[in-house]
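**Student:** Quick one: this structure, given as structure tokens, is what I'll be asking you about.
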Amino acid sequence: MPIVSELAWKYTGCDHSSVTYEKAQMLLEAVMYCINEDGQQESNALAAKMIPAREAYEHGRKVVQDKLMELQKLYNGLIPDFRDYGSMCLKDTVRKGIPAFLKSYDFKYAPQETLLTLDYPVLRNYGSLSGIDLVLCYMRDIRLEQKFLQRMDDKYVVKILRKYNRDYEYMLENVCEIVLQNMMGHMMLDKPLQETGFDQEELESLEEILSDKTEEQIMSYLLKTLERLIAAYYDNDDCLLAYLGGGLSDIAVRIKCNMENHCLGQLFVL
């Protein structure tokens, strides 16, 4: 509470420490956020319960500052080669949303506030993360998506998206998942990625491969297929494997449903 009082004093321009209940709550949450940041560091995890709150707060606030600098560095490195492939949601979130966050984020008085809605959906659930923790993890995943997509020709990616939905530019869907879904069809058939288009015979072969599998077994089969893809084209990047694996559950559900209705051609579009 003394830390909160000091923050309130500084927040009011060193005039007084009297603030509204809402502001006091915000400052208390700011202090707790920083203390938790310190406790999350591997070197401090065991000692966190034994150090004074002020020391934990100061350490944690430094961690927040370091993460903010990491986000700025990550963004600066990403943006020169960033591709949105026509997705307005992806474009606006990265090109407008992240700079707005970097400009407005208040690591002193409100580090717990995320400020952004992060409308472009990614393939990971961040749970209760907020503030710089959430936005930094989000941008790390956007970087992984860019690594995955930029391995392919831009026109190829756009063609898949257009086949999936002719008005894909306005979709609130993950671009990677749509492309990955199509690539899974190629990999399961051992069909070279450069050979575009699935004929009826190939779709029937896919049905035969998957027909006796449950949703869980399809998921397991997809994971093995993804591992082959990452090994063949992405140097066994474990981070990319873990991230893309987050989209396999939804893909497995779609495959099972479409296979039962004999319309896999709606999933494997190119």
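**Student:** Note the angle between two axes, namely the Cα long axis of helix 2-11 and the longest principal axis of the Cα atoms of the chain, as a number of degrees from 0 to 90, rounded to the nearest 10.
**Tutor:** For 2-11 against the chain, the angle is about 90 degrees.
**Student:** Once label points are set 7 Å from the Cα along Cα→Cβ at both L172 and C263, what is their separation, rounded to one decimal in nm?
**Tutor:** A separation of 2.3 nm, rounded to one decimal place.
**Student:** Right, here's the next one. Once you have a ≥ b ≥ c as the square roots of the Cα gyration tensor eigenvalues for region 176-250, tell me rounded if a/c is under 1.5, and otherwise prolate or oblate according to whether a/b is larger than b/c.
**Tutor:** The shape class here is oblate.
**Student:** Roughly speaking, to the nearest percent, how much of the chain's 1.4 Å accessible area is carbon and sulfur?
**Tutor:** Percent of accessible area from carbon and sulfur atoms in the chain: 50.
**Student:** Specify, per residue and in Å³, the volume enclosed by the convex hull of the alpha carbon atoms belonging to the chain. Let's see the in-between values first.
**Tutor:** Values: hull volume 42.6 nm³, N = 270.
In the chain, the Cα convex hull volume per residue is 158 Å³.
**Student:** Here's another thing I want to ask about it. Which longest uninterrupted range of the chain lacks any GluC sites (Glu not before Pro) assigned by DSSP to a loop state (not H, G, I, E or B) and surrounded by at most 12 other Cβ atoms within 10 Å?
**Tutor:** Values: sites that count: E42, E195.
Segment 43-194 is the longest.
**Student:** For the chain, what is the accessible area per residue in Å², given a 1.4 Å probe and the full set of protein chains?
**Tutor:** Here the residues of the chain average 53 Å² of exposed surface.
**Student:** Which angle from 0 to 90°, rounded to the nearest 10, does the C-alpha axis of helix 248-260 make with the longest principal axis of the chain?
**Tutor:** Between helix and principal axis, roughly 30 degrees.
**Student:** Could you tell me the ratio Rg/Rh of region 173-217? Both radii from Cα atoms, Rh via Kirkwood. Walk me through the numbers before you get to the answer.
**Tutor:** Numbers: Rg = 11.6 Å, Rh = 11.6 Å.
The Rg/Rh ratio comes out at 1.00.
**Student:** Compute the normalised compactness of region 112-270: alpha-carbon radius of gyration over 2.2 N^0.38 Å, N being the residue count.
**Tutor:** That works out to 1.07 for region 112-270.
**Student:** Explain nothing, just the number: dipole magnitude of the chain about its Cα centre with +1 on each Lys and Arg Cβ and -1 on each Asp and Glu Cβ, in debye rounded to the nearest 20. Don't skip to the answer; put the middle values down first.
**Tutor:** On the way: 30 positive and 43 negative charges, 193 e Å.
Computed charge dipole of the chain: roughly 920 debye.
**Student:** Right, here's the next one. With +1 assigned to the C-beta of every Lys and Arg and -1 to the C-beta of every Asp and Glu, and no other charges, what is the dipole magnitude of region 135-243 about the Cα centre in debye, to the nearest 20?
**Tutor:** Value, rounded to 20: 520 debye.
**Student:** Tell me, in nm to one decimal, what length is gained between A242 and L74 on full extension, where the rule is 0.36 nm per residue of separation less the Cα-Cα distance?
**Tutor:** Result for the pair: 58.5 nm of gain on full extension.
**Student:** Each label point is 7 Å from the Cα along the Cα-to-Cβ direction; what then is the distance between the points at L223 and R54, in nm?
**Tutor:** Rounded to a tenth, the inter-label distance reads 5.0 nm.
**Student:** Which entries in the list K155/K191; K73/K224; K23/K147 go over 30 Å, if you measure between the two C-alpha atoms of each?
**Tutor:** Too far apart for the 30 Å limit: K73/K224; K23/K147.
**Student:** Something else: Cα axis of helix 21-40 to longest principal axis of the chain: angle in degrees, 0 to 90, nearest 10?
**Tutor:** 70 degrees
The values are calculated or read from the model by the stated rules, or taken from the named source; none is laboratory data. Only a predicted model underlies this, so the values are computations on that prediction, with no experimental measurement involved. Cβ sites come from the backbone with ideal geometry, for glycine too, and all protein chains shown count toward neighbours. For the accessible areas, the whole protein counts, side chains as well, though only heavy atoms, and no ligand, DNA or RNA atoms are used. Shrake-Rupley method; radii C 1.70, N 1.55, O 1.52, S 1.80 Å.
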